[in-house]
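Below: one structure, written as structure tokens.
The values are calculated or read from the model by the stated rules, or taken from the named source; none is laboratory data. Source: prediction; values computed, not measured. Counting neighbours? That spans all protein chains shown, and the Cβs are built from the backbone with ideal geometry, glycine included. Quick note on the areas: whole protein, heavy atoms, side chains included, nothing else; ligands and nucleic acids left out. Shrake-Rupley method; radii C 1.70, N 1.55, O 1.52, S 1.80 Å.
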Amino acid sequence: MNGHFKEKLNRRELLQVSVLAAGALTGFDKIRWAEAYQNGKTQPFQGGRKLSEIDFTEEVPVPMGKAFGMELDGRMYTDLSKLTPENRLTPAAEFYIRTRASKLLDSQKPWRVQVNGLVGRPLDLSVAELERMGIPTGLHLMECAGNARSAHFGMMSIAKWTGAPVAEILENANIRPEATSVLISGFDRHATKSVSSLPGASWIFRLEELKSAQAFLAIAMDGEPLTRDHGAPVRLVVPGWYGCACIKWVNRITPVNDSEVATSQMQEYAARTLQLGVPQFAKDYQPATIDQAAMPIRVEKWLVNGRIKYRVVGILWGGSCLVKSLEIRFDPEEDYVPVDNFQQTTNDPWSFWTHAWEPKRSGTYMIRLHVKEPHVVARRLDAGYYLRSVDITEI
Ligand SMILES: Nc1nc2c(c(=O)[nH]1)N[C@H]1C(S)=C(S)[C@@H](COP(=O)(O)O)O[C@H]1N2
Ligand SMILES: [Mo]
């Protein structure tokens, strides 16, 4: 990408993001947040001054908000530390990337999406046809199942999507009664061999899972056509599922039955999507949905009435029912306590929380969140996956 184009893109996208962000909170959300920020629990910081932000320890610097590498090893990490409740969208130009566009991808050739297999009426869809079916599908979060502390957990972003509902495409293709699942595949041949990933991107979904998740073939993100790295001209989005199921450069939709063997992508991601072993058949896979999770994104150091106080800001995402009691622990010195300022209004995209903290002594603290309700499944969170730590030198 040349500098001029990049600059134009950034300016345009920035503008869009600020317009979007202004409209992103519904009136109801805005009032709730305004209340939460003015009432009670944020008062510990009233009249105070923010001195600095504390870096998370054991997280080496990596490029944030900038794409690097090529093809299967290409990445962009989103800087989540800048998010605020008033501006909770990640800029489109910084939406994380996991696998950059293949050098073998021919963007001159008209793109087609074939719908065949167990269908009464095979389809051969053009991008224009998908665009005609496109509807606004709302704000949705995407998280890579391999999102990691080494990337400051920056493989997670939100966008405002436009797409063609998969259910509608299947209906148009008259899918046969014996079809139980759907194989969705994308272009995934690359010029260079990856150091860590296998080529071949496809996933098999149970029909009812695709329908209940309201999966769609995305053609635009934040009002702009998809970029090459995000799967242009068309990619799958399955709200609530890990990114590995959200196939980019989609070219084939195939209704299948229960005898289908799991794809190499499903097998590669079996551990990260919390399967039991690596099942051979697609029907034996649990949905690759994102469990309830939470983590701090920023720790601020404040001076309030001559005293040092810390304000921990974090997000909560995933899961399928709203959490009422979220707890935080600053290990090894302290026990779990309820998070001060927290209200989850939706599972997708994320919600914010803040917590005032006055450490008793200086040292290294590991910060962990915990959902108190026993019926909420939070396997990664409970395993300590989203743990972050800070060094406190001043109290
Ligand atoms: N064709 C193709 N689709 C793909 C992948 C890929 O390597 N090839 N990676 C998947 C993974 S692991 C993730 S997390 C998401 C990332 O989408 P993004 O790069 O737009 O954030 O795309 C998914 N779709
Ligand atoms: Mo991923």
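Of all residues in segment 67-105, those that are farther than 14 Å from Met142 by Cβ and in a loop (DSSP other than H, G, I, E, B) total 16.
Per-residue answers, yes or no, for (1) open to solvent by 10 Å² or more (accessible area, probe 1.4 Å); (2) in contact with a strand residue (DSSP E or B) (Cβ under 8 Å, 6 or more places away or on another chain); (3) not basic (Lys, Arg):
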| position | (1), (2), (3) |
| --- | --- |
| Ser194 | yes, no, yes |
| Glu209 | yes, no, yes |
| Cys246 | no, yes, yes |
| Gln265 | yes, yes, yes |
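Candidates in segment 211-225 are the residues that are without any contact (Cβ under 8 Å) to a residue 60 or more places away in the chain and within 14 Å of ligand 1 (Cβ to nearest atom); of these, the one that is least open to solvent (accessible area, probe 1.4 Å) is Ala215.
Among the residues making up segment 267-296, those that are surrounded by fewer than 21 Cβ atoms within 10 Å (Cβ to Cβ) and of a type in the set (Val, Ile, Thr) are Thr273, Val278, Thr289. Of the residues making up segment 121-147, those that are within 16 Å of ligand 1 (Cβ to nearest atom) and not in a loop (DSSP other than H, G, I, E, B) number 6. Just to verify a result, which residue in segment 80-120, among those that are over 20 Å from Phe68 (Cα atoms), within 16 Å of ligand 1 (Cβ to nearest atom) and modelled with pLDDT of 90 or more, is least open to solvent (accessible area, probe 1.4 Å)? Only one residue fits best here, namely Val113. Looking only at residues of segment 148-163 that are farther than 14 Å from Leu226 by Cβ and within 14 Å of ligand 1 (Cβ to nearest atom), we find that the one that is surrounded by the fewest Cβ atoms within 10 Å (Cβ to Cβ) is Ala148. Within the option set Leu198, Leu226, Leu217, Leu274, being on the phi > 0 side of the Ramachandran plot and among the aliphatic types (A, V, I, L, M) holds for one residue only, Leu274.
Condition check ((1) assigned to a loop (DSSP other than H, G, I, E, B); (2) within 21 Å of Asn87 (Cα to Cα)) across all residues:
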{"position": "Thr273", "(1), (2)": "yes, no"}
{"position": "Met295", "(1), (2)": "no, yes"}
{"position": "Arg298", "(1), (2)": "no, yes"}
{"position": "Leu303", "(1), (2)": "no, no"}
{"position": "Arg311", "(1), (2)": "no, yes"}
{"position": "Lys324", "(1), (2)": "yes, no"}
{"position": "Phe330", "(1), (2)": "no, no"}
{"position": "Gln344", "(1), (2)": "yes, yes"}
{"position": "Asp348", "(1), (2)": "yes, yes"}
